[in-house]
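A short worksheet on the structure shown next.
The values are calculated or read from the model by the stated rules, or taken from the named source; none is laboratory data. Everything numeric in this text was worked out from a predicted model, so none of it was measured. Here the Cβ positions follow ideal geometry from the backbone for every residue, glycine too, while neighbour counts run over all protein chains shown.
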Amino acid sequence: MTELAKFIKKERQTKSILLMTHVIYGYPSIDESLQMMKTLLDKGAAILEVQFPFSDPVADGPVITKACHVALQSKPKLKQCIADISALAKAYPNARVLLMSYLNPLVQYGFEELGSDMSGNIAGIVIPDLPIDHHKMAAPLVAAKVNPIWLIIPGMEKSRIEFVSEQAQGLIYCVSRKGVTGQGSDSQSAREELQRYLGEINQFTDVPLALGFGIASAEDVKGIVGLVDVAVVGSAFLRAFQQGGMAEFAAKADELLSVK
């Protein structure tokens with residue numbers, strides 16, 4: 001069991017569910033994005049996922065896509081992003097920090113250097129457009145004890161779920177439904193389908209599960225208590241910031257972190 005998995009399991013001994021918060025590096029500016037990260041960590045977020053912006057974030061909905069385009073205007077550098085969030089990881093040892101990036105910037109950076117620069121500080125990485133078939137590309141990260149976090153989506157064949165589970169280490173990111181982030185459904189039939197979906201994944205792994213896409217409120221988080229270890233929230237924080245700046249952003253953090 002990796003350090004990230006151990007951390008999640010230990011935290012879950014006293015909490016019904018953990019919150020994994022998603023912030024875009026450079027949105028609306030680099031300094032403001034760092035302030036968002038600190039606010040979430042100060043308020044007790046267990047896991048901070050920091051997305052390095054990309055021009056074509058194909059797995060993300062309109063809220064995150066627009067924010068990425070704004071962030072790119074600051075011309076962020078991946079090396080500085082890694083340095084900044086590594087410093088946060090050191091300053092907040094009771095939380096874990098993850099990097100999320102599409103594949104292209106990582107290939108340009110180089111996986112060997114990436115593993116070296118992230119090792120010891122950044123616990124894991126989400127690469128949404130790296131297919132599990134090419135998991136060997138991430139071998140330098142595994143060697144550096146940075147956990148690649150693989151995605152499972154609804155409708156995935158059992159054989160593929162099993163293959164993902166075999167490669168999974170610290171955490172598996174389960175997409176709550178087909179589609180893009182930030183668009184949810186709360187119908188009873190959707191919940192029943194979600195239970196079947198997660199039950200199928202649990203047949204193959206004891207790695208902690210995170211659920212994301214469409215989780216926007218404390219009620220949403222309460223609704224998945226007992227089903228997964230971690231709730232992932234991203235678009236809801238961006239919408240809160242857009243509606244009322246840092247005050248509304250902080251209020252949304254308080255709401256979501258009220259679920260213990």
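Please specify each residue of the range 90-128 satisfying the condition of being part of a helix (DSSP H, G or I), among the aliphatic types (A, V, I, L, M) and within 25 Å of CYS174 (Cα to Cα).
LEU103, LEU106, VAL107, LEU114, MET118
Does ALA253 qualify as being crowded, with 22+ Cβ neighbours inside 10 Å, assigned to a helix (DSSP H, G or I) and of a type outside the set (Lys, Arg)?
Spelling it out, ALA253 is indeed crowded, with 22+ Cβ neighbours inside 10 Å, assigned to a helix (DSSP H, G or I) and of a type outside the set (Lys, Arg).
Considering only the range 29-38, I want to know if a residue exists there that is at pLDDT 95 or above, more than 16 Å from the chain's Cα centre (by Cα), outside any helix (DSSP H, G or I) and under 26 Å from LEU151 (Cα atoms).
No; the residues of the range 29-38 include none that is at pLDDT 95 or above, more than 16 Å from the chain's Cα centre (by Cα), outside any helix (DSSP H, G or I) and under 26 Å from LEU151 (Cα atoms).
Yes or no: the range 6-24 includes at least one residue that is within 19 Å of the chain's Cα centre (by Cα), among the small types (Gly, Ala, Ser) and surrounded by 16 or more Cβ atoms within 10 Å (Cβ to Cβ).
No.
SER119 is checked against (1) under 21 Å from ASP229 (Cβ atoms); (2) surrounded by fewer than 20 Cβ atoms within 10 Å (Cβ to Cβ); (3) touching a Lys or Arg at 6+ places or on another chain (Cβ under 7 Å); (4) modelled with pLDDT of 95 or more and fails just one. What number does that condition carry?
(1) is the only condition that SER119 fails.
Could you list, in sequence order, all residues of the range 195-215 that are farther than 22 Å from GLU11 by Cα and within 19 Å of the chain's Cα centre (by Cα)?
Of everything in the range 195-215, those that are farther than 22 Å from GLU11 by Cα and within 19 Å of the chain's Cα centre (by Cα) turn out to be PHE213, GLY214.
Of everything in the range 39-48, what is outside any loop (DSSP other than H, G, I, E, B) and over 16 Å from the mean Cα position of the chain (by Cα)? Give them in sequence order.
THR39, ASP42
From the list VAL164, VAL126, VAL107, which one is β-branched (Val, Ile, Thr) and free of Cβ contacts under 8 Å to residues at least 12 places away in the same chain?
Of VAL164, VAL126, VAL107, the one residue that is β-branched (Val, Ile, Thr) and free of Cβ contacts under 8 Å to residues at least 12 places away in the same chain is VAL107.
Among the listed residues ILE85, ILE17, which satisfies the condition of being within 22 Å of VAL146 (Cβ to Cβ) and of a type in the set (A, V, I, L, M)?
So the residue among ILE85, ILE17 that is within 22 Å of VAL146 (Cβ to Cβ) and of a type in the set (A, V, I, L, M) is ILE85.
Here is a yes/no grid of residues against (1) touching a Leu at 6+ places or on another chain (Cβ under 7 Å); (2) more than 21 Å from GLY61 (Cα to Cα); (3) assigned to a helix (DSSP H, G or I):
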site	(1), (2), (3)
GLU192	no, yes, yes
ALA216	no, no, no
LYS222	no, yes, yes
PHE237	no, no, yes
GLN242	no, no, yes
GLY245	no, no, yes
SER258	no, yes, no
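Quick check: anything in the range 8-28 among the aromatic types (Phe, Trp, Tyr), touching a residue at least 40 places away in the same chain (Cβ under 8 Å) and more than 16 Å from VAL126 (Cβ to Cβ)?
Looking for residues that are among the aromatic types (Phe, Trp, Tyr), touching a residue at least 40 places away in the same chain (Cβ under 8 Å) and more than 16 Å from VAL126 (Cβ to Cβ), one finds at least one in the range 8-28, hence yes.
Within the range 49-81, which residues are in contact with a Ser or Thr (Cβ under 8 Å, 6 or more places away or on another chain), farther than 22 Å from LYS38 by Cα and in a loop (DSSP other than H, G, I, E, B)?
Correct list: PHE54, PRO57, ALA59, ASP60, GLY61.
Where residues in the range 239-256 are in contact (Cβ under 8 Å) with a residue 40 or more places away in the chain and within 19 Å of ASP42 (Cβ to Cβ), which of them is farthest from the chain's Cα centre (by Cα)?
MET246
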